[in-house]
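This report refers to the structure that appears directly beneath it.
The values are calculated or read from the model by the stated rules, or taken from the named source; none is laboratory data. Treat the numbers as computed from the prediction; the structure is a model and nothing was measured. Cβ coordinates were reconstructed from backbone atoms using ideal geometry, including for glycine residues, and neighbour counts include every protein chain displayed. The protein model used for the area step is the full one, side chains on, heavy atoms only, and it has no ligands, DNA or RNA in it. Shrake-Rupley method; radii C 1.70, N 1.55, O 1.52, S 1.80 Å.
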Amino acid sequence: GTAVSRSERNASTLWSRSHPPLPVGRVPGGRRNTSGPEPLGNVRVDPMQIQQVIMNLAFNARDAMPNGGKLVIKTADVDLEVSRLAPGAPSGRFVALIVADTGYGMDEKTRTHIFEPFFTTKEQGKGTGLGLPTVYGIVTQSGGTISVESEPGKGTRVTVLLPRVEAVKEELPT
């Protein structure tokens, strides 16, 4: 297998180096909007794996908007308190990566299967059903969580939460 190199990295640097060029250019009338505060906190991740997460999420968004649409990528430091309303919900200090699109969206039945290997809504030969399971694996192996909000005809919003860490032990080369 491929060696995974997780170390503490500044999330601002990771995001800025991870999303050129996104696949939205192949969406008719497609627009990309990226935003986030500078600087973000630090996370313990493998930079190549985070790039794979962003690309997989962006490709899925592109494929859900064959007639054009909007892809939004946002980042933020978030502090979540323990929720009595949502037992088991993450709490603590995180860096959030949010990828949202204005595409087809999904019903609840589809959403319950999207992280299963080989599950795909794409036509034969267009998808392997491994993109989102790979994203899920990378995020959870990095100590994070992933959630998906979607409704048919209203697009999809994927939120990745990665735990913040205090120290940066290794910087990316410039």
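Under 5 Å between amide hydrogens, built in the peptide plane, is the criterion, and for ALA76 it picks out ALA96 among residues at least 5 positions away or on other chains.
Enumerate the residues in the stretch 122-163 having an amide nitrogen under 16 Å from the point lying 7 Å beyond the Cα of ASP107 toward its Cβ. Hits in the stretch 122-163 for ASP107 at 16 Å: 122, 150-155. Accessible area per residue for the stretch 112-153, computed on protein heavy atoms with a 1.4 Å probe, is 62 Å².
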